């Protein structure tokens, strides 16, 4: 079946198709088993055609951006995994408007906005991942969220229809959006404001310095692991629970920031999941606070992640 699907994709697109591709090569954690079929479209047309073929063959579909903000099981992911890291990277600025495709890295988008003296995205400097992932989780930092200056999003919905959705039809909240798991984000438009470059540069450098001073950027992680509870900090709670520096195998809670769980060698997904559960359960026991994951778990069965999601 897989080879038949590959042949169909090859005949209608210029996509690269790989069978049993190790996903640890495509995640910032360096963790993850094989994708049954991994597809790298070259452009939007390739992507749309590949999705159509996958849906026609009733194959399960997973979209992967830059591989940050995810923990993938060592058992891998069944079905097709489409990687956007080699496509949907176009970014354009016209006046106060910024258009970007959802495979573009957030860092590139922020830098181009700053270069054009556009204020509104510079606080996101250093946030890892692609625009698509940032929109789905309503990424934010230093008091700003990506949804604040959003105008609309272009996506493919569960019916494989191409739609342009205005911001007022999307619900955004802290690290959440109303996009469904079947929505595949293609591009977004932002309306920003012109400002003096010294103000923008100050915000940009502040975000960059703050991240460098407080986060283990030289270690393999998936970014912030838990969402901050209301009026509290996940990192502070994990630290106060006495878990900063705690490790299981090569999975370790960073000594620099307790809400960053790092792969300090050859950590397995099982090591990392055990560490996540340890922090989750200890904080719940000591402070009666249930931490909610910011990182997405992929390829695990329901029993393995019971109580976390």
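Brief remarks on what is shown
- In the condition set (1) surrounded by fewer than 20 Cβ atoms within 10 Å (Cβ to Cβ); (2) in contact with a helix residue (DSSP H, G or I) (Cβ under 7 Å, 6 or more places away or on another chain); (3) at pLDDT 85 or above, residue 142 is compliant with all but (3).
- Sole exception among (1) in a loop (DSSP other than H, G, I, E, B); (2) within 20 Å of residue 176 (Cβ to Cβ) for residue 217, by number: (2)
- Single unsatisfied condition, residue 179 versus (1) part of a helix (DSSP H, G or I); (2) in contact with a strand residue (DSSP E or B) (Cβ under 8 Å, 6 or more places away or on another chain): (1)
- Among the numbered conditions (1) under 20 Å from residue 299 (Cα atoms); (2) crowded, with 21+ Cβ neighbours inside 10 Å; (3) free of Cβ contacts under 8 Å to residues at least 24 places away in the same chain, the only one that residue 266 does not meet is (2).
- Which listed residue, of 217, 225, is surrounded by fewer than 17 Cβ atoms within 10 Å (Cβ to Cβ) and under 21 Å from the mean Cα position of the chain (by Cα): 217
- Residues of the range 277-309 satisfying the condition of being outside any loop (DSSP other than H, G, I, E, B) and within 18 Å of the chain's Cα centre (by Cα): 293, 296, 297, 298
- Any hit, the range 102-113, residues being in contact with a helix residue (DSSP H, G or I) (Cβ under 6 Å, 6 or more places away or on another chain), crowded, with 16+ Cβ neighbours inside 10 Å and either outside the structural domain of residue 149 (by TED's automatic domain parsing) or not in a helix (DSSP H, G or I) (or both): yes
- Against the criterion of being over 20 Å from residue 156 (Cβ atoms) and either surrounded by fewer than 24 Cβ atoms within 10 Å (Cβ to Cβ) or outside the structural domain of residue 149 (by TED's automatic domain parsing) (or both), residue 124 qualifies.
- Filtered residue count, the range 84-101, keeping only those that are under 20 Å from the mean Cα position of the chain (by Cα) and not in a strand (DSSP E or B): 7
- Count of the range 240-263 residues, restricted to those that are within 22 Å of residue 296 (Cβ to Cβ), in a strand (DSSP E or B) and in contact with a helix residue (DSSP H, G or I) (Cβ under 9 Å, 6 or more places away or on another chain), is 6.
- Candidates 4, 49 - the one that is surrounded by fewer than 16 Cβ atoms within 10 Å (Cβ to Cβ) and either in a helix (DSSP H, G or I) or within 16 Å of the chain's Cα centre (by Cα) (or both): 4
- Residue 163 being surrounded by fewer than 15 Cβ atoms within 10 Å (Cβ to Cβ) and in contact with a strand residue (DSSP E or B) (Cβ under 9 Å, 6 or more places away or on another chain): yes
The values are calculated or read from the model by the stated rules, or taken from the named source; none is laboratory data. Please read all numbers here as calculations on a predicted model, not as lab measurements. Please note: Cβ atoms are built from the backbone with ideal geometry, for glycine as well, and neighbour counts cover all protein chains shown.
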